[in-house]
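Beneath this line is the structure, given in C-alpha cells, with notes to follow.
The values are calculated or read from the model by the stated rules, or taken from the named source; none is laboratory data. Note that the structure is a prediction, hence the values are computed from the model and not measured. Neighbour counts are summed over all protein chains in view; Cβ atoms, including those assigned to glycine, are modelled from backbone coordinates with ideal geometry.
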Amino acid sequence: MKSKGLLVVLSGPSGVGKGTVRQALFETDTNHDQFYYSVSATTRQPRPGEEDGKDYFFVSRDQFEGMIEDERLLEYAEYVGNYYGTPLQYVEEMTEQGKDVFLEIEVQGALQVKRRMPDGVFIFLAPPTMHELESRIVNRGTDAPEVIEKRMRQAREELQLVTQYDYVVENDNVQSAVERIQTIINAEHLKTDRFIDDIVENYLKEGDEIS
C-alpha cells in the first residue's frame, strides 16, 4: 500500500535553527526520494550565501501581493516587516504523488496551513532556553540590536502557541532533533487513517464495514 504523501510543517521562533535542522534531515535522505522542500517566497533581502529559487524566491512587495490576490499561496505572513509565503500548487502536486513535502516556515504561516490542511504534520522546533535562542540570533550577525529585541519578543509570543502543534522537538542538538523528527514522520506514515481508502478498495468485499 502506498499512502498519500505527508505535508510536514516545521516551524518555531526565528533563530531556533529550522534551516539547519531541515538541511540535516534532508541529508539523511540518501536516495533523495522521500523529502521535497517547498521553497517559500519572501520580500526580505537575501542574506549572504542565499540563492534565489533555492533558499527562497525573492520577490518585490508588489509581486507578493499579486500572489495573495490570485490565491496562489497556501499561507503567508508578514514578519518583522517582510512577507513570507508558500506556493500552493507544488504542495498539492507532490503530496498527490505520494511524496512528502517539507515546509520550513514561521509560526503565523504554520497556523494558516493548519486551517487549510489540518491533516498535515505540525512540528514546533523549540530552543533549549530563551538565553540560548538569543545567543544564536546574536551570533548569526545579520540583525541590528533593535531587530534582535523584536525577534525575542516575537519568540515569547510564539512559544505560547505551542499547543496548536502535533509535536514539539527541542533543538538541543541538531542530530538528536533530526532523529526525533524522522521518528515522527515514520510513525505518521503508519497511521490507520492514511490507509482507510486503500483497505476498503483492495481488501474488503462489498458490504463489509469498518467499525
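Looking at the range 135-146, is at least one residue out of contact with any helix residue (DSSP H, G or I) (no Cβ under 7 Å at 6 or more places or on another chain), without any contact (Cβ under 8 Å) to a residue 24 or more places away in the chain and under 23 Å from Ser38 (Cβ atoms)?
Filtering the range 135-146 for residues out of contact with any helix residue (DSSP H, G or I) (no Cβ under 7 Å at 6 or more places or on another chain) gives 135-136, 139-142, 144-146.
Pick out the ones that are also without any contact (Cβ under 8 Å) to a residue 24 or more places away in the chain and you get 135, 139, 141, 144-146.
Filter once more, keeping what is under 23 Å from Ser38 (Cβ atoms): none.
No, every residue in the range 135-146 fails to be out of contact with any helix residue (DSSP H, G or I) (no Cβ under 7 Å at 6 or more places or on another chain), without any contact (Cβ under 8 Å) to a residue 24 or more places away in the chain and under 23 Å from Ser38 (Cβ atoms).
Of the candidates Pro127, Pro46, the single residue that is over 30 Å from Glu179 (Cβ atoms) and not charged (D, E, K, R) is Pro46.
A count restricted to the range 101-138 and to residues that are modelled with pLDDT of 90 or more and polar (S, T, N, Q) stands at 1. Name the single residue, out of those in the range 177-190 being under 18 Å from the mean Cα position of the chain (by Cα) and not β-branched (Val, Ile, Thr), that is surrounded by the fewest Cβ atoms within 10 Å (Cβ to Cβ). Filtering the range 177-190 for residues that are under 18 Å from the mean Cα position of the chain (by Cα) and not β-branched (Val, Ile, Thr), the one surrounded by the fewest Cβ atoms within 10 Å (Cβ to Cβ) comes out as Asn186.
Yes/no per residue for (1) on the phi > 0 side of the Ramachandran plot; (2) over 13 Å from the mean Cα position of the chain (by Cα); (3) free of Cβ contacts under 8 Å to residues at least 12 places away in the same chain:
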site: Ala24; (1), (2), (3): no, yes, no
site: Glu27; (1), (2), (3): no, yes, yes
site: Phe57; (1), (2), (3): no, yes, no
site: Asp62; (1), (2), (3): no, yes, yes
site: Ile68; (1), (2), (3): no, yes, no
site: Asn82; (1), (2), (3): no, yes, no
site: Met94; (1), (2), (3): no, yes, no
site: Gly98; (1), (2), (3): yes, yes, no
site: Gly109; (1), (2), (3): no, no, no
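Annotation note: Cβ proximity below 6 Å between a residue of the range 186-200 that is farther than 24 Å from Asp29 by Cα and a residue that is among the aliphatic types (A, V, I, L, M) and modelled with pLDDT under 65 (sequence gap 6+ or interchain) occurs for Asp198/Met1.
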